[in-house]
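Comments concern the structure below.
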Amino acid sequence: VNLKFALLKMQLRSTVSAKATSAKASRPVAVATSGVKTVAAKNVRRVQRLAPVEAVKNDFNTKVFNKELVKFADTEEYIIRGGRDKFPLLKKAFAGIKKVGVIGWGSQAPAQAQNMQDSLKEAGMDVKVCIGLRPDSPSVKEAIACGFTKENGTLGDVFDVISSSDLVMLLIADGAQAKLYPRVLASMKPGATLGLSHGFLLGVMKNDGVDFRKDINVVLVAPKGMGPSVRNMYVQGKKVNGSGINCSFAVHQDATGTASDVAIGWALAVGAPFAFPTTLESEYKSDIYGERCILLGAVHGMVESLYRRYTKQGMSVEDAFRNTVECITGPLTKIISKTGMKSVYESLNAADKEIFKQAYSAAYKPALDICWEIYQDVASGNEIKSVVQAVSRFGKFPMGKIDQTDMWKVGVDVRAKRGDKPVPINPFTAGVYVATMMATVEVLKENGHPYSEICNESIIEAVDSLNPYMHSRGVAFMVDNCSYTARLGSRKWAPRFDYIFEQQAYVAVDNKTPVDADTINYFLSHPVHDALATCATMRPAVDIALGIDSSVDGVGAGAARTEYRSVSN
């Protein structure tokens, strides 16, 4: 068996080497091999407009769904609008698919498996959703508790499920994917579809110098939120047609001519209010980058540094927690979610606007510095290697807890006493938070990511999926219900943001460094505000509902965890 995998890997390397040689000989020629591609401006449908609009960057072919052209700031992009009223289209999108194998039981798998199963049932389809796990996996009990059992044919061994499935949703941990992908590819039947929810595997395979088998489809559907929020919002959406978590989708390889519709069908089946096209490479760069920045790492480092600052200035520990974590996860999150970042500034009085500008001006460039470093580490493959190496050390060095300091213990008491009294906006906290969010946005923009991806990866995911979990039970509940890649990245980069705010941003404020007017004006006039306003028109009709520490809402088998581990699924 090992020899078989070794030969497969050698064959894959040989294919890539031959491609590279051919590419060098024929430059400059661009070859499109996927269903998501760059199109020339002359092929873009013209619409009446008041200002110049850039050509559509990502296009795709669909024979089943309605492709919609939407303006995001000064660009146009194609999207697919979701909703439960689209479920009847799943029969045509999934034509020929009799079995969906969901491999793993980490952050995404429980949510996507249950959502997929519910959607296919509602569509009246006789398609089986089967979970693939190791027999000794600690996740077997959770899967059984969610109704996936050997007896009803919906639970089996990993490679038995892979070899018998028409759509293989590979949702095992990224580190496990890096180790097992040769065997996964060897086990798939010809004409099947390999489905990923993260472009991480492409980064690993690029580092290894190999490519995918040519007789299978390779697609991606990436919900822009942690798994528990994907399930939570889907369940809430049963009442309001379309509440859920937005998804990006990509077709990396189309062997059957149906890959785009399979990917879009998958996105809508797991509850996406709207789905937008990307590529595997663009997704893994923006996703791994975003979770190390404002989504997880930066916000964690930020609140730790602000909490220390406020307590040193004389605030009680309870007020310091309210003015940091509660301020961000409460009023800032609600405002940004519904009306955008600029609305935070516009909601302040004149005096508070000056404080906001002072904090924003001081924090933006230090945050931008770290954001650029993260993006370059991701793009170069270094951050992916770091994750794979960290996972290999789990046996000796499992991930430690991140909510055991006094600050997070204070948070338990603050949440218990929260009541209905609204938390006011602290303008200094708001300035630092929005500056870091804008720094996250700017690096993606400068690296050519489309606004649909920028808004979802650096703004919407933060306020609609992740921050509510920190609001519910603290930082670990947010970070450690995400993937291993996200958890490791947050732990690695949060201290860097903490340090740079403490050593540079706050020192600049204390030294009364003048506000940089250009930095503030750039923020107020940035096109992302218009792009985010477009996204807001497709926002789910409800907010995610979660209880606080003593509540059982949103936790348990198939939902969010309150005990976290660092082992494979």
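Being assigned to a loop (DSSP other than H, G, I, E, B) and modelled with pLDDT of 95 or more holds for only one residue in Val552, Val515, and it is Val515. Is it the case that Glu304 is in a helix (DSSP H, G or I), more than 22 Å from Ala545 (Cβ to Cβ) and open to solvent by less than 60 Å² (accessible area, probe 1.4 Å)? Spelling it out, Glu304 is indeed in a helix (DSSP H, G or I), more than 22 Å from Ala545 (Cβ to Cβ) and open to solvent by less than 60 Å² (accessible area, probe 1.4 Å).
Scanning the stretch 92-130 for residues that are under 23 Å from the mean Cα position of the chain (by Cα) and assigned to a loop (DSSP other than H, G, I, E, B) yields a count of 5. Within the stretch 505-520, one or more residues are touching a residue at least 60 places away in the same chain (Cβ under 8 Å), more than 26 Å from Lys385 (Cβ to Cβ), open to solvent by less than 50 Å² (accessible area, probe 1.4 Å) and of a type in the set (Ser, Thr, Tyr).
Cβ separations smaller than 7 Å between residues 6+ apart or across chains give the following pairs from the stretch 317-331 residues that are within 19 Å of Met478 (Cβ to Cβ) to residues that are modelled with pLDDT of 95 or more and of a type in the set (Gly, Ala, Ser): Phe321/Gly411; Val325/Gly411. Restricting to the stretch 153-166, and then to whatever is out of contact with any helix residue (DSSP H, G or I) (no Cβ under 7 Å at 6 or more places or on another chain), part of a helix (DSSP H, G or I) and open to solvent by 40 Å² or more (accessible area, probe 1.4 Å), can you tell me which residue is farthest from Ala267 (Cα to Cα)? Among those that are out of contact with any helix residue (DSSP H, G or I) (no Cβ under 7 Å at 6 or more places or on another chain), part of a helix (DSSP H, G or I) and open to solvent by 40 Å² or more (accessible area, probe 1.4 Å), it is Asp160. Of the residues making up the stretch 496-553, those that are hydroxyl-bearing (Ser, Thr, Tyr) and farther than 20 Å from Ser458 by Cα are Tyr499, Tyr506, Thr513, Ser550, Ser551.
Each residue in the stretch 539-548 was checked for being farther than 30 Å from Glu77 by Cβ and either in contact with a Pro (Cβ under 9 Å, 6 or more places away or on another chain) or open to solvent by 50 Å² or more (accessible area, probe 1.4 Å) (or both), and 3 pass. Contact map, the stretch 168-186: first residue under 22 Å from Thr154 (Cα atoms) and open to solvent by less than 10 Å² (accessible area, probe 1.4 Å), second residue in a helix (DSSP H, G or I) and of a type in the set (S, T, N, Q), Cβ cut-off under 9 Å, separation 6 or more or different chains; pairs are Val168/Ser187; Met169/Gln112; Leu170/Gln177; Val184/Gln177. Exactly one residue out of Val230, Val221, Val235 is among the aliphatic types (A, V, I, L, M), under 23 Å from Leu466 (Cβ atoms), modelled with pLDDT of 90 or more and open to solvent by 10 Å² or more (accessible area, probe 1.4 Å), and it is Val235. Closer than 21 Å to Pro228 by Cα, in a helix (DSSP H, G or I) and of a type in the set (D, E, K, R): is that true of Lys285 in this structure? Answer is no for this residue.
Scanning the stretch 313-334 for residues that are open to solvent by 50 Å² or more (accessible area, probe 1.4 Å) and assigned to a helix (DSSP H, G or I) yields Val317, Glu318, Asp319, Arg322, Lys334. Condition check: at pLDDT below 95 and open to solvent by 10 Å² or more (accessible area, probe 1.4 Å). Does Lys214 satisfy that? Considered against the rule, which asks whether it is at pLDDT below 95 and open to solvent by 10 Å² or more (accessible area, probe 1.4 Å), Lys214 comes out as no. Flag: Lys150 does not match the condition of being touching a residue at least 24 places away in the same chain (Cβ under 8 Å) and part of a loop (DSSP other than H, G, I, E, B).
Residues checked against (1) over 27 Å from Gly104 (Cβ atoms); (2) open to solvent by 10 Å² or more (accessible area, probe 1.4 Å):
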site	(1), (2)
Pro468	no, yes
Ser472	no, no
Ser490	no, no
Pro527	yes, yes
Thr537	yes, yes
Arg561	no, yes
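Out of all the residues in the stretch 135-146, which are surrounded by fewer than 16 Cβ atoms within 10 Å (Cβ to Cβ) and either closer than 14 Å to Asp160 by Cβ or over 26 Å from the mean Cα position of the chain (by Cα) (or both)? Once the filter is applied, which keeps residues that are surrounded by fewer than 16 Cβ atoms within 10 Å (Cβ to Cβ) and either closer than 14 Å to Asp160 by Cβ or over 26 Å from the mean Cα position of the chain (by Cα) (or both), the stretch 135-146 yields Pro135, Asp136, Lys141, Ala145. Applying the criterion of at least 2 residues that are modelled with pLDDT of 95 or more, among the small types (Gly, Ala, Ser) and buried (at least 16 other Cβ atoms within 10 Å of the Cβ) to the helices (runs of 4 or more DSSP H) found wholly in the stretch 335-438 leaves 350-379. Selection within the stretch 258-271: residues that are at pLDDT 95 or above and under 15 Å from the mean Cα position of the chain (by Cα). The member of this set that is farthest from Asp377 (Cα to Cα) is Val270.
At least 2 residues being not hydrophobic (A, V, I, L, M, F, W, C) is the threshold, and among the strands (runs of 3 or more DSSP E) wholly inside the stretch 167-236 those reaching it are 193-196, 217-223.
The values are calculated or read from the model by the stated rules, or taken from the named source; none is laboratory data. Bear in mind that the values here come from a model prediction, so they are computed numbers and not experimental data. Cβ coordinates were reconstructed from backbone atoms using ideal geometry, including for glycine residues, and neighbour counts include every protein chain displayed. Accessible surface areas use protein heavy atoms only, side chains included; no ligands, DNA or RNA. Shrake-Rupley method; radii C 1.70, N 1.55, O 1.52, S 1.80 Å.
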